[in-house]
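Visitor: This structure is in structure tokens; I'll ask about it shortly.
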Amino acid sequence: DLRTPLSCILTMTELVGERFGQAESEPSRLLHPIVSSVEESVRLIERMSLLAKATGAPEELETCNMGVVFSSALLRREAQIADGGVAVEQPAKWPTLKGHASLLESVWLDLLDNALRHGGKALAVGWQREKGKSGWRFWIRDSGPPLAADRQADLFQPLHLLHRENAVSGLGLAIVRRLVELHGGTCGYESSPEGARFYFTLPEQNG
């Protein structure tokens, strides 16, 4: 129901832009925020649709290599990374585990979006075995300023924008939490002198 009117707005906006011709004309510049907003709304609807389907009709776990999953998400954000001049450091090896590749890719997409929006010019991605547990911890660290302690509790709460400048929590992190919970995992945030680090854990699944 939401995709149809948004598609109409996007199509008509693009037609108006073509009518004016030059991309640098004032009308074309005014239309650009409309196109960007509609495209962001469509992406949000797609993520919410994915979440609803995963919650209502969970599929069987599949064997997936997290390196392939992360690379797919990274490729989808390649243009943003290049435009922003952001350096991304990632491990040479990744674990293979049981999970839903499409859902885990969505987790990485939201974490990348959050880091690119707030995290400066350098990102580091990594993983490790959970100490004393049967599972893994995956994380993404940015070079932005650490988040104040009194703002961390609401990070993964839906529709909580913290009502402050440079708010870091909308629906993206709430979606991350729910998708990770569907795998039996947890999410969290850690601050350090190197920057902010968002992480999620996944238990080792049998079968």
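Visitor: Restricting the first residue to the range 189-207 and requiring it to be assigned to a loop (DSSP other than H, G, I, E, B), which pairs with a second residue that is modelled with pLDDT of 90 or more and open to solvent by 20 Å² or more (accessible area, probe 1.4 Å) meet a Cβ separation below 6 Å and a spacing of at least six or different chains?
Guide: Q205/K98
Visitor: Filter the range 169-207 for residues that are open to solvent by less than 20 Å² (accessible area, probe 1.4 Å) and either of a type in the set (D, E) or farther than 23 Å from G56 by Cα (or both); which is modelled with the highest pLDDT?
Guide: Of everything passing the filter in the range 169-207, F198 is modelled with the highest pLDDT.
Visitor: A further question on this structure: Is it the case that some residue within the range 9-22 is within 22 Å of L171 (Cβ to Cβ) and open to solvent by less than 40 Å² (accessible area, probe 1.4 Å)?
Guide: Checked against the condition, which is being within 22 Å of L171 (Cβ to Cβ) and open to solvent by less than 40 Å² (accessible area, probe 1.4 Å), the range 9-22 yields at least one hit.
Visitor: Return the residues of the range 120-145 that are of a type in the set (F, W, Y) and open to solvent by 40 Å² or more (accessible area, probe 1.4 Å); say none if nothing qualifies.
Guide: Filtering the range 120-145 down to residues of a type in the set (F, W, Y) leaves 127, 136, 138-139.
Of everything in the range 120-145, just one residue is of a type in the set (F, W, Y) and open to solvent by 40 Å² or more (accessible area, probe 1.4 Å), namely W127.
Visitor: Then there's this: Any residue in the range 167-185 that is outside any loop (DSSP other than H, G, I, E, B) sitting within a Cβ distance under 9 Å of a residue that is of a type in the set (G, A, S) and at pLDDT below 90? List the pairs, counting only those 6 or more apart or interchain.
Guide: Cβ pairs passing all conditions: R178/A54; L179/A54.
Visitor: Of the conditions (1) modelled with pLDDT under 90; (2) farther than 15 Å from C187 by Cβ; (3) in contact with a helix residue (DSSP H, G or I) (Cβ under 7 Å, 6 or more places away or on another chain), W94 fails just one. Which one is it?
Guide: Among (1) modelled with pLDDT under 90; (2) farther than 15 Å from C187 by Cβ; (3) in contact with a helix residue (DSSP H, G or I) (Cβ under 7 Å, 6 or more places away or on another chain), the lone unmet condition for W94 is (1).
Visitor: Further, regarding this structure: Identify, from the list R77, R43, the residue that is exposed (fewer than 15 other Cβ atoms within 10 Å of the Cβ) and out of contact with any Gly (no Cβ under 7 Å at 6 or more places or on another chain). Let's see the steps before the verdict.
Guide: Details: R77 fails: exposed (fewer than 15 other Cβ atoms within 10 Å of the Cβ).
Unique residue meeting the criteria: R43.
A quick yes/no check of all residues on (1) charged (D, E, K, R); (2) within 20 Å of D110 (Cβ to Cβ):
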{"residue": "P5", "(1), (2)": "no, no"}
{"residue": "C8", "(1), (2)": "no, no"}
{"residue": "E40", "(1), (2)": "yes, yes"}
{"residue": "R47", "(1), (2)": "yes, yes"}
{"residue": "A54", "(1), (2)": "no, yes"}
{"residue": "L61", "(1), (2)": "no, no"}
{"residue": "W94", "(1), (2)": "no, yes"}
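The values are calculated or read from the model by the stated rules, or taken from the named source; none is laboratory data. The shown structure was predicted, so the numbers you read here are calculated from the model rather than taken from an experiment. We place every Cβ from the backbone using ideal geometry, glycine too, and count neighbours over all the protein chains shown. Note: areas computed on protein heavy atoms with side chains; ligands, DNA, RNA excluded. Shrake-Rupley method; radii C 1.70, N 1.55, O 1.52, S 1.80 Å.
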